[in-house]
Amino acid sequence: MDVGEGPDLLPDYAAWLDRVTATFEAVSYTLRIRLGDAGAAEAIALRVARGLVSRPLVFRHWGLPYSGRIAKLAEDGIVDVREGRLVRHGSWPGFRSALVGVPVDHQATLVLTCVEGRTDAELAERWGCDAEAAGVRRARTLEFLQDLVEDHGD
């Protein structure tokens, strides 16, 4: 995590954000070499990052399931570049800044549900509520992330 990003980042969320950032940087670098077009590479890498965040349960995984999702999103972007359909909206700094600004409540819920894979029953026990209330909180976080992605996308 960069120093000065704000005191409101939970440590586990900051680690998750570092993972998203590292993914963006790796995809951008790899595609810049592959395509010879830094702008297209960055646009595709942003699309990959947004695609991962829009389906955050993928962060439970490492290895092939995670890499496979990245590859699918990147390959779709490469096809769009080659066929002249790549739409370049948004920016990595803007998207990352939005992720830094996620409220602490959603940060905690994202880590517990999408990274650690906690069930609603486990969340309810942790938060001192019933499973239905925990499910509502989880659903609100997923909706918040989806809205964030849509606000910073194509």
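The values are calculated or read from the model by the stated rules, or taken from the named source; none is laboratory data. On a predicted model such as this, the values are computed, not experimentally measured, just so you know. Every residue, glycine among them, receives a Cβ derived from its backbone with ideal geometry; neighbour counts consider all protein chains shown. Keep in mind that these areas ignore ligands, DNA and RNA; they rest on the heavy atoms of the full protein, side chains included. Shrake-Rupley method; radii C 1.70, N 1.55, O 1.52, S 1.80 Å.
Summary table below
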| item | result |
| --- | --- |
| Matching residues, region 127-141, being surrounded by 14 or more Cβ atoms within 10 Å (Cβ to Cβ) and among the small types (G, A, S) | A131, A133, A134, G135 |
| From V136, V79, V48, V104, residue being within 14 Å of the chain's Cα centre (by Cα) and among the β-branched types (V, I, T) | V48 |
| Selection status of A49, crowded, with 18+ Cβ neighbours inside 10 Å, touching a Phe, Trp or Tyr at 6+ places or on another chain (Cβ under 6 Å) and assigned to a helix (DSSP H, G or I) | yes |
| Selected residue [farther than 29 Å from R138 by Cβ and not aliphatic (A, V, I, L, M)] from G51, G63, G39, G94 | G39 |
| Qualifying helices (runs of 4 or more DSSP H) (wholly inside region 53-154; at least 1 residues being among the hydroxyl-bearing types (S, T, Y)) | 64-82, 92-100, 104-110, 131-151 |
| Considering residues of region 52-71 that are aromatic (F, W, Y) and surrounded by 12 or more Cβ atoms within 10 Å (Cβ to Cβ) only, the residue farthest from A98 (Cα to Cα) | Y66 |
| Subset tally (residues that are within 14 Å of L31 (Cβ to Cβ) and either modelled with pLDDT under 85 or open to solvent by less than 50 Å² (accessible area, probe 1.4 Å) (or both)) for region 72-88 | 8 |
| Residue satisfying all of: in region 103-120; among the hydrophobic types (A, V, I, L, M, F, W, C) and modelled with pLDDT of 95 or more; most open to solvent (accessible area, probe 1.4 Å) among these | V104 |
